[in-house]
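**Student:** Handing you this structure, nothing more for now.
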Amino acid sequence: MNQPIILCGLGRIGGKVLEFLRTAGLPVVVIDTQCQESDPRLEGTRLIRGDCRRPDVLAQAGFEHARGVIILTSDDLVNISTALTIRHLYPEIRIVMRMFNQDLISRLGKAVHNVYALSTSTLTAPLFALTASTGQALGTFRIDGLTDGRRQVGQATVDPGSPLVGRTVRDTAASVQAQVVAHLPAGRWLNDVDPEARLAAGDRLVLCGEPRGLAPLLAEHAQDAAPHVRWAGWLRRQGRLLRRTVGEMDTRVKIGAGILLVVVAFSTIVFEVSVGRYGFAEAFFRAVSILATGSDMHEEHLVEPWQKVFAGILRIFGQCLMAGLTAIVTSYLLRMRLGGALEIRRIPDGGHVVVCGLGSVGFRVVEELLAAGERVVAIERANDGRFVATARRLGVAVIIGDAKVAEVLRQAHADTARAVIAVTSEDLINLEIALLVREKNEQQRVVLRLADADLAKTLREAANVRLALSIAALAAPAFVAAVFGDRILSIFPLEGRVLAVIDLLIGEKDTVFAGQPARVVAVDYGVLPVAILSQGGSGSGQAFNARLASGDRLIGIVALPDLQRLIRREPPARDRGVEVDAIPLPTRGWMVTLLRARQGISAEEAEKALDQLPLRLASGLTRGEAEDLLAQLVRERVSARVTPQ
């Protein structure tokens, strides 16, 4: 942990990454062209001013002793050049870099060894989507190998009138099939959480589980439980479609269509009245034929001279009118104005999610919401946006318009939506959208994207915009996690601590963990097991009771200071013992067998030892081994305790 991490670029994301690294107690060296020594973000961190692409600047940073490098400038070309220079000079150092061009991300990782390129839009979209669905998301990660491998870390607050008051921590977690990460303000973390503790008003539980499972518990305390998607009746939706279609038409189209209808109606009346053999249907058919086609005008039916003059003028006028109207309508359709009107029929009355802005982040958010089964309506200002057509192919209703306009939000039914997400590329626009939505519905859940982390914090604290999220704050943990290796799935801060989610592979030659119960590894190394996957990909629901085998994967949450000890398999202290105080009579035979196996004594000696309680059953154990042995004894109703060596 004494090896420094080199941070190239101290912009907004770089500043948050530095904050995470300092919170974790990791040494950092910063390289930047504009940062000054007096910058308060440094707080004593070593700074090297210069171009991170220059070998002499890299040498000053001490790359030969570095643990890894994080490249976070705002220019893809600078990031790539820096990465290639570092790889040439230092072939084995781990490189994590930021990339805007997502097409290059996977290709770069395949072409250059030990280089990991990350996109902020891909990193932050799941958190925006989860925040919109559940009202919060402290962290998120995905477990490969599981069908529904998405996991969320969220915090539930026990309100005074909540049914959770008086329930145990164990029962509350079991009701949503989640693991308890922390119990606050009791100050219990990971494996130190007391499962039998009873919840009181003001308590907070930090839980890790599937988003759909956590949603009811988190929504209950967000006071805005998610409604189901609601649709209007068929007739009402068709009426909306008709009104919207007429409203979207150009004025020229309306005028041309109006003139055509008037001429057809007038001509029909003239023919019906003046030509005795024509009824209404025949008169209408003759008027349309003369106006719109080149068919025979049947002059034998027109007895009076003025009727023939009228028919001739009508033919000339009709040809001109139809040509002009055809040109106007064709131009209108080519501009695809009608496509927006048709979207109205796919907009629910409520219970959906409105996404404002279909840029890189917005489209990724839409994908995450669709994957979670949400109904999505998108608002995009530019009709030729790069993601508009793709979003429509995915079944998303896309409204072309400015989300800052109240009428556009009304068309999207934003006031009755489950949530509104403002993720345009401009902070002020997102803020304006959020405030406009809150004017319509004060209880509406609004998630807005901000580049400025300080502004996001201020809005949460002073303006009651509690779901103002900073791109920098959301993306920074992933860059820190990537430095530790591809087995680190996520890193997230919580109450001044930094926790990591690790995907630990039990290797064939792993003599430390192979064959050990998961409880022993969890207690000795401070890991909270989330799931255990066998080599075939099946998962274990009883993570604590499972026994690890070669090829298994242990997915767990660990405090960052304990991460290095876990990765290096550093042996824990053997300073614990287990003492037995009382043994039920039916369990005596089982205890004799256990005592003989533990101490290597005969059956007679074991019987005599059990007559002299309290009995020291085992010594020289790690804390995890002692806790695992105690769990076995408790299951057999044996009264025992863990004691110091």
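**Student:** Look through Val523, Val530, Val558 and report the one residue that is β-branched (Val, Ile, Thr), open to solvent by less than 10 Å² (accessible area, probe 1.4 Å) and under 21 Å from Cys208 (Cβ atoms).
**Tutor:** Val558
**Student:** Can I ask one more? Conditions first: (1) part of a helix (DSSP H, G or I); (2) open to solvent by less than 20 Å² (accessible area, probe 1.4 Å). Val578 passes all but one, so which condition is the exception?
**Tutor:** Answer for Val578: the failing condition is (1).
**Student:** Would you say Thr33 is within 25 Å of Thr120 (Cα to Cα), open to solvent by less than 10 Å² (accessible area, probe 1.4 Å), over 28 Å from the mean Cα position of the chain (by Cα) and not aliphatic (A, V, I, L, M)?
**Tutor:** For Thr33, the condition - within 25 Å of Thr120 (Cα to Cα), open to solvent by less than 10 Å² (accessible area, probe 1.4 Å), over 28 Å from the mean Cα position of the chain (by Cα) and not aliphatic (A, V, I, L, M) - is not met.
**Student:** From the set of residues in the range 24-47 that are among the charged types (D, E, K, R) and within 22 Å of Ala59 (Cβ to Cβ), which is modelled with the lowest pLDDT?
**Tutor:** Looking at the filtered set, the residue picked out is Glu37.
**Student:** Just checking, how many residues over the range 311-323 are surrounded by 14 or more Cβ atoms within 10 Å (Cβ to Cβ) and under 59 Å from the mean Cα position of the chain (by Cα)?
**Tutor:** Within the range 311-323, residues that are surrounded by 14 or more Cβ atoms within 10 Å (Cβ to Cβ) and under 59 Å from the mean Cα position of the chain (by Cα) number 4.
**Student:** Tell me which of these Ala549 doesn't satisfy, since it passes every other one: (1) open to solvent by 10 Å² or more (accessible area, probe 1.4 Å); (2) in contact with a strand residue (DSSP E or B) (Cβ under 9 Å, 6 or more places away or on another chain); (3) in a loop (DSSP other than H, G, I, E, B).
**Tutor:** (2)
**Student:** Let me ask something else about it. Go through the range 254-283 and give me each residue that's part of a helix (DSSP H, G or I), among the aromatic types (Phe, Trp, Tyr) and surrounded by 18 or more Cβ atoms within 10 Å (Cβ to Cβ).
**Tutor:** Phe271
**Student:** Would you check which residues across the range 500-520 are among the hydrophobic types (A, V, I, L, M, F, W, C) and either on the phi > 0 side of the Ramachandran plot or part of a loop (DSSP other than H, G, I, E, B) (or both) and list them?
**Tutor:** Ile506, Val512, Phe513, Ala514
**Student:** Then there's this: With respect to Arg487, is the statement that it is of a type in the set (Lys, Arg), open to solvent by 40 Å² or more (accessible area, probe 1.4 Å) and within 28 Å of Val353 (Cα to Cα) true?
**Tutor:** Judged against the criteria, Arg487 is not a match.
**Student:** Yes or no: Glu570 over 18 Å from Ile506 (Cβ atoms), modelled with pLDDT of 80 or more and of a type in the set (Asp, Glu)?
**Tutor:** no
**Student:** So in the range 45-74, with the set limited to residues that are of a type in the set (A, V, I, L, M, F, W, C), assigned to a loop (DSSP other than H, G, I, E, B) and in contact with a Cys (Cβ under 8 Å, 6 or more places away or on another chain), which one is nearest to Pro493 (Cα to Cα)?
**Tutor:** Leu72
**Student:** Looking at the structure I just gave you, is Ile433 open to solvent by less than 30 Å² (accessible area, probe 1.4 Å) and either in contact with a strand residue (DSSP E or B) (Cβ under 9 Å, 6 or more places away or on another chain) or free of Cβ contacts under 8 Å to residues at least 60 places away in the same chain (or both)?
**Tutor:** Spelling it out, Ile433 is indeed open to solvent by less than 30 Å² (accessible area, probe 1.4 Å) and either in contact with a strand residue (DSSP E or B) (Cβ under 9 Å, 6 or more places away or on another chain) or free of Cβ contacts under 8 Å to residues at least 60 places away in the same chain (or both).
**Student:** Which one is nearest to Ile269 (Cα to Cα), of the residues in the range 284-310 that are open to solvent by 60 Å² or more (accessible area, probe 1.4 Å) and assigned to a helix (DSSP H, G or I)?
**Tutor:** Filtering the range 284-310 for residues that are open to solvent by 60 Å² or more (accessible area, probe 1.4 Å) and assigned to a helix (DSSP H, G or I), the one nearest to Ile269 (Cα to Cα) comes out as Phe284.
**Student:** Looking at (1) in contact with a Ser or Thr (Cβ under 6 Å, 6 or more places away or on another chain); (2) closer than 26 Å to Pro529 by Cβ, which one does Glu627 not meet, given that it meets all the others?
**Tutor:** For Glu627, the failing item is (1).
**Student:** While we're on this one: Among the listed residues Leu42, Leu77, Leu84, which satisfies the condition of being surrounded by fewer than 20 Cβ atoms within 10 Å (Cβ to Cβ) and part of a loop (DSSP other than H, G, I, E, B)?
**Tutor:** Checking each option against the conditions leaves just Leu42.
**Student:** Would you be able to tell me the number of residues in the range 507-523 that are in contact (Cβ under 8 Å) with a residue 40 or more places away in the chain and small (Gly, Ala, Ser)?
**Tutor:** Number of matching residues: 2.
**Student:** Answer yes or no as to whether Arg569 is of a type in the set (D, E, K, R), out of contact with any Leu (no Cβ under 8 Å at 6 or more places or on another chain) and touching a residue at least 40 places away in the same chain (Cβ under 8 Å).
**Tutor:** Against the criterion (of a type in the set (D, E, K, R), out of contact with any Leu (no Cβ under 8 Å at 6 or more places or on another chain) and touching a residue at least 40 places away in the same chain (Cβ under 8 Å)), Arg569 qualifies.
**Student:** Condition (residue is open to solvent by less than 20 Å² (accessible area, probe 1.4 Å), at pLDDT below 90 and either out of contact with any Leu (no Cβ under 8 Å at 6 or more places or on another chain) or among the acidic types (Asp, Glu) (or both)) applied to the range 582-593: is it met by at least one residue?
**Tutor:** Yes, that holds for at least one residue.
**Student:** Does any residue of the range 600-615 turn out to be in a loop (DSSP other than H, G, I, E, B), of a type in the set (Val, Ile, Thr) and free of Cβ contacts under 8 Å to residues at least 12 places away in the same chain?
**Tutor:** Looking through the range 600-615, at least one residue is in a loop (DSSP other than H, G, I, E, B), of a type in the set (Val, Ile, Thr) and free of Cβ contacts under 8 Å to residues at least 12 places away in the same chain.
**Student:** Sort through Val447, Val408 and tell me the only one that's among the β-branched types (Val, Ile, Thr), on the phi < 0 side of the Ramachandran plot, in contact with a Ser or Thr (Cβ under 8 Å, 6 or more places away or on another chain) and touching a residue at least 24 places away in the same chain (Cβ under 8 Å).
**Tutor:** Testing whether each residue is among the β-branched types (Val, Ile, Thr), on the phi < 0 side of the Ramachandran plot, in contact with a Ser or Thr (Cβ under 8 Å, 6 or more places away or on another chain) and touching a residue at least 24 places away in the same chain (Cβ under 8 Å) leaves just Val447.
**Student:** Looking at (1) more than 21 Å from Gly526 (Cβ to Cβ); (2) in contact with a strand residue (DSSP E or B) (Cβ under 9 Å, 6 or more places away or on another chain); (3) open to solvent by 30 Å² or more (accessible area, probe 1.4 Å), which is the only condition Ala609 fails?
**Tutor:** Going through the list (1) more than 21 Å from Gly526 (Cβ to Cβ); (2) in contact with a strand residue (DSSP E or B) (Cβ under 9 Å, 6 or more places away or on another chain); (3) open to solvent by 30 Å² or more (accessible area, probe 1.4 Å), Ala609 breaks only (3).
**Student:** Leu505 is checked against (1) closer than 30 Å to Pro571 by Cβ; (2) open to solvent by less than 60 Å² (accessible area, probe 1.4 Å); (3) among the hydrophobic types (A, V, I, L, M, F, W, C) and fails just one. What number does that condition carry?
**Tutor:** Failing condition for Leu505: (2).
The values are calculated or read from the model by the stated rules, or taken from the named source; none is laboratory data. Note that this is a predicted model, so its numbers are computed, not measured. Note that we place each Cβ from the backbone using ideal geometry, even for glycine, and neighbour counts take in every protein chain shown. Just so you know, the surface numbers come from the protein's heavy atoms only, side chains and all, with ligands and any DNA or RNA stripped out. Shrake-Rupley method; radii C 1.70, N 1.55, O 1.52, S 1.80 Å.
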